[in-house]
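A quick write-up on the structure given underneath.
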């Protein structure tokens with residue numbers, strides 16, 4: 001399974017101190033069927049814990065997920081920052097999922113080189 005962060009999400013994760021290990025854990029939970037909210041169209045909302053706290057008080061991430069193949073973290077926010085995403089944002093994420101999850105390996109390679117995405121690497125692999 002390949003896991004990526006959008007350029008925007010990569011900056012957000014660095015600013016908030018969200019490690020790649022936490023992202024890997026969020027995807028692993030989703031792969032096991034432990035999804036916090038299925039928004040439809042291969043878009044899920046997955047919680048990530050703040051350091052020293054539980055997931056319920058932590059971050060919400062929007063993840064474009066094709067099980068067993070690819071996952072893209074595209075948006076994040078803290079629970080204290082906002083309650084949820086809007087219906088329009090949810091629709092936009094579903095539209096993005098159709099495009100992003102259908103990218104070929106060649107297209108992904110170009111998008112990585114351009115800096116549109118950053119691949120999340122598992123330190124244990």
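Laboratory data are not the source of any read-out in this text; all were calculated from the coordinates shown. Every value quoted in this text rests on a predicted model; they were computed, and no experiment measured them. Every residue, glycine among them, receives a Cβ derived from its backbone with ideal geometry; neighbour counts consider all protein chains shown.
Worth a mention:
- From 78, 56, 102, 86, residue being farther than 15 Å from residue 6 by Cβ, touching a strand residue (DSSP E or B) at 6+ places or on another chain (Cβ under 8 Å) and loosely packed, with under 11 Cβ neighbours inside 10 Å: 56
- Here residue 30 meets each of (1) free of Cβ contacts under 8 Å to residues at least 60 places away in the same chain; (2) buried (at least 21 other Cβ atoms within 10 Å of the Cβ) with one exception, condition (2).
- Qualifying residues in segment 36-84 (those that are touching a residue at least 40 places away in the same chain (Cβ under 8 Å) and assigned to a loop (DSSP other than H, G, I, E, B)) - the one nearest to the chain's Cα centre (by Cα): 42
- Selection of segment 1-18 for residues being in a loop (DSSP other than H, G, I, E, B) and exposed (fewer than 14 other Cβ atoms within 10 Å of the Cβ) yields only 17.
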